[in-house]
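Okay, structure first, notes after.
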Amino acid sequence: MCRSCHLPIKDVSANQKLARRPTKRRIVGKWLWTRLLGAAFYAATVAWCAMQMPASLTFVVPGAVGGGFLHIVKGRPWLGLLLFLIIVVLVPIIFWPSMLTGAMGRLTDV
């Protein structure tokens, strides 16, 4: 019995929308779509950076390899994106003091 409406559970479940169980085809489709989307994202990111900002490839390529591995091979897209962002955004911040020192050195030489 359903406690809120006092109907037999058989009647309650018969009148609810049936939740479609994922078929094997849908599971394989989602698996394939996740992998293809990840491969396209990381390849496009590396290609764009190679054309627009070649100096950034020092960080973008390792980020794409690590993020792509987690996204494509392991099937963890959010974790792969997080690793990619850490390598591409946070790791270069470590080198800012040395870049600023070089810039100050060039300014004082002039």
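The values are calculated or read from the model by the stated rules, or taken from the named source; none is laboratory data. Computed from a predicted structure; not experimentally measured. With ideal geometry, Cβ positions are generated from the backbone for all residues, glycine too; neighbour counts draw on all protein chains shown. Ligands, DNA and RNA are stripped out before the accessible areas are found, and what is left, the full protein with its side chains, is counted by its heavy atoms. Shrake-Rupley method; radii C 1.70, N 1.55, O 1.52, S 1.80 Å.
Conditions tested, residue by residue: (1) under 15 Å from the mean Cα position of the chain (by Cα); (2) of a type in the set (A, V, I, L, M, F, W, C).
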| residue | (1), (2) |
| --- | --- |
| Gln16 | no, no |
| Thr23 | no, no |
| Ile27 | no, yes |
| Gly38 | yes, no |
| Ala44 | yes, yes |
| Trp48 | no, yes |
| Gly67 | yes, no |
| Leu70 | yes, yes |
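Looking only at region 1-30, residues that are farther than 30 Å from Lys74 by Cβ, in a loop (DSSP other than H, G, I, E, B), open to solvent by less than 90 Å² (accessible area, probe 1.4 Å) and at pLDDT 70 or above come to 2 in all. The set of residues from region 31-54 being β-branched (Val, Ile, Thr) and exposed (fewer than 13 other Cβ atoms within 10 Å of the Cβ) is empty. From the set of residues in region 83-98 that are surrounded by 13 or more Cβ atoms within 10 Å (Cβ to Cβ) and either among the polar types (S, T, N, Q) or farther than 14 Å from Thr45 by Cα (or both), which is nearest to the chain's Cα centre (by Cα)? Filtering first and then ranking leaves Leu83.
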